[in-house]
Amino acid sequence: MLIIQNGYECDYEMKLFYKLYFDMNEDIYVYSNFEYKDKVINVYTEIIYNGDTYFDDFYYDFDTENQKAQFIKKIFTASCTKSFCHAAEKIKHINLPWGVMCGIRPAKIVRELMEEGHSDSEVVEILKKIYEVSDEKIDLAYKVAKNEKILLDEIGENSVSIYIGIPFCPTRCLYCSFVSTDIRVSGKYMDSFVDKLLLEIDKTAEVIDKMGAYVENIYIGGGTPTTLEPHHLKAIFDRLKANFDFSKIKEFTLEAGRPDTITKDKLYEAKKGGVNRISINPQTMNEQTLKRVGRKHTPDMVRKCFEMARKMGFDNINMDLIAGLPEETVDMFKYSLDEVIKLDPENITVHSMCVKRAASLRFSDAELAKANDMNEMLSYTQKHMEKTGRKPYYMYRQKNISGNLENVGYAKDGCMSTYNINIMEEKQTIIALGGGGSTKIVMDDRIERVFNFKDPLEYIRRFDEILKKKDEILDILAGEKNG
């Protein structure tokens with residue numbers, strides 16, 4: 001593989017789209033020539049593949065005058081990748097609903113274009129003519145951008161969010177890429193982990209007080225937080241209440257997650273502890289798939305846990321599904337979504353199956369069929385969420401998703417998760433505690449990150465360093481203020 005770019009370089013983006021069509025080890029030559037003259041972009045791309053030559057000559061009228069440098073770069077980059085994809089399409093046909101739009105936050109591009117003063121029609125033109133995004137995805141991105149802006153505008157001044165990572169799970173699922181450990185191996189560290197976590201909560205409260213800030217949202221994720229015992233959860237909730245003003249907290253989410261870890265006692269402690277939003281995640285309502293991916297619950301357990309949570313008084317429940325699970329057909333996914341809709345949760349989040357290895361990004365015939373099926377699943381979801389009054393407000397992509405597709409959160413009015421938007425759009429500082437968390441310190445011109453240790457035993461043994469990492473937050477902010 002050899003990619004030569006003349007006139008303008010966007011190596012990362014070119015390789016990203018190259019891998020959608022070809023293997024990085026194939027003997028393929030790509031030449032791209034970029035020219036901007038007389039307010040016109042011209043990109044000529046030539047691909048030599050198996051001894052044959054394929055080319056594209058792309059033109060686009062574009063006036064750089066009075067445009068921001070970042071916007072100009074986006075348009076130049078998209079022009080190069082688009083010309084490459086047009087040439088590559090003559091070799092292999094791949095349906096890309098998001099066109100040549102890169103990045104994990106498609107809606108952010110839409111929102112930034114709007115904030116830069118572009119009209120709705122101009123934004124649509126850019127998405128269609130430059131990025132070649134499908135009408136369905138443009139509609140989705142627009143709705144997400146507008147809904148997330150409502151919540152972003154409501155972020156309180158001097159507010160922060162807290163993330164608490166609980167890195168324990170009953171088992172590790174086939175598709176999992178999150179920070180978690182199997183309790184059959186790590187369960188013996190659970191008591192010590194919680195003891196240290198309580199001390200980290202105390203330390204975090206001191207840091208937030210010195211920042212002159214207050215906590216607006218709390219999110220307990222993992223892993224599977226409900227792997228902890230009821231007394232562990234109670235201790236965490238009690239310590240949070242002792243340290244923070246809960247009258248100012250808008251949203252307190254607990255990832256109950258796996259139904260096989262949910263009990264009445266745990267839900268009771270969560271409700272008593274101030275949790276006002278929980279997740280009960282089936283991933284699929286097809287029992288054979290659950291067994292295939294390593295889940296120990298059944299669809300009936302999902303229904304019973306949901307009913308138990310409702311009786312406990314939880315009126316904001318999220319449920320996750322995954323499109324494209326191994327050997328699942330479109331009809332099987334539709335069945336899962338329909339069954340979840342019957343339960344009537346306030347939030348439904350649909351994730352696209354993420355390929356574990358980057359090498360798998362190259363589309364075989366089977367992978368192409370799967371990508372097309374996944375897009376049909378997501379289209380079905382989008383239409384049915386609208387019918388049931390749930391609006392898309394939260395969206396992100398992962399670079400290893402088959403078909404370059406997306407994950408989307410849908411919610412009823414008044415039930416959209418502020419934390420979910422914050423974690424994606426990075427408009428509010430999020431302080432991470434526990435295992436595997438990443439603190440994001442949002443400043444005027446940049447974001448600084450401070451990472452916690454992932455492994456429970458490492459977290460326990462090196463806890464002094466964890467406390468120092470909290471002081472590091474103050475040091476970073478002090479440096480910003482003095483600088």
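The values are calculated or read from the model by the stated rules, or taken from the named source; none is laboratory data. Not measured: the values here are computed from a predicted model. Every residue, glycine among them, receives a Cβ derived from its backbone with ideal geometry; neighbour counts consider all protein chains shown. Each accessible area value is taken on the protein alone, full model and side chains, heavy atoms only, with ligands, DNA and RNA left out. Shrake-Rupley method; radii C 1.70, N 1.55, O 1.52, S 1.80 Å.
Note down the magnitude of the dipole of the chain about its Cα centre, charges +1 on Lys and Arg C-beta and -1 on Asp and Glu C-beta and zero elsewhere, to the nearest 20 debye. It would help to have the intermediate numbers written out before the result.
Working: 68 positive and 78 negative charges, 352 e Å.
Taking the Cα centre of the chain as origin, the dipole is about 1700 debye.
Dimensions of region 372-429 from C-alpha coordinates, computed as largest minus smallest value along each principal axis and given longest first, are 37, 30, 8 Å. The residues of the chain have, on average, 43 Å² of accessible surface per residue, using a 1.4 Å probe with all protein chains present. When the C-alpha to C-alpha distance is required to be over 31 Å, the pairs from Lys73/Lys146; Lys248/Lys291; Lys291/Lys454; Lys210/Lys264; Lys82/Lys334 that qualify are Lys248/Lys291; Lys210/Lys264; Lys82/Lys334. Out of these labelled values of Rg/Rh (Cα atoms, Kirkwood Rh), (1) 1.14; (2) 0.98; (3) 1.10, which was calculated from the coordinates shown here? Among (1) 1.14; (2) 0.98; (3) 1.10, the one calculated here is (2).
For the peptides 219-227, 39-47, 449-457, 308-316, the ranking by mean Cβ contacts within 10 Å, running from highest to lowest, is 219-227, 39-47, 449-457, 308-316.
Taking only the Cα atoms of region 396-483, the ratio Rg/Rh comes out at 1.06, with Rh defined as the Kirkwood radius.
Please work out whether region 7-112 counts as rounded, prolate or oblate from its C-alpha gyration tensor, where a ≥ b ≥ c are the square roots of the eigenvalues and a/c under 1.5 means rounded, while otherwise a/b larger than b/c means prolate and anything else oblate? Note, shape of region 7-112 comes out oblate. Our helix-only sum for the chain, with -39,500 (n - 2.57) per DSSP H run of n ≥ 4 divided by its residues, gives a mean residue ellipticity at 222 nm of -13500 deg cm²/dmol.
Largest accessible area first, the listed residues Thr263, Thr429 line up as Thr263, Thr429 when surface is computed with a 1.4 Å probe on the assembled protein chains. In the chain, the portion of solvent-accessible area held by carbon and sulfur atoms comes to 48 percent [1.4 Å probe, whole percent, DNA, RNA and ligands not counted]. For region 81-144, evaluate the Debye formula with one uniform point scatterer on each Cα (no solvent term) and list log10 I(q)/I(0) at q = 0.29 Å⁻¹, rounded to two decimals. Here log10 of I(q) over I(0) equals -1.33.
Is there a pair in Lys39/Lys68; Lys272/Lys469; Lys143/Lys387 whose C-alpha atoms are over 23 Å apart, and which pairs would that be?
Working: Lys39/Lys68 15 Å; Lys272/Lys469 31 Å; Lys143/Lys387 15 Å.
Beyond 23 Å: Lys272/Lys469.
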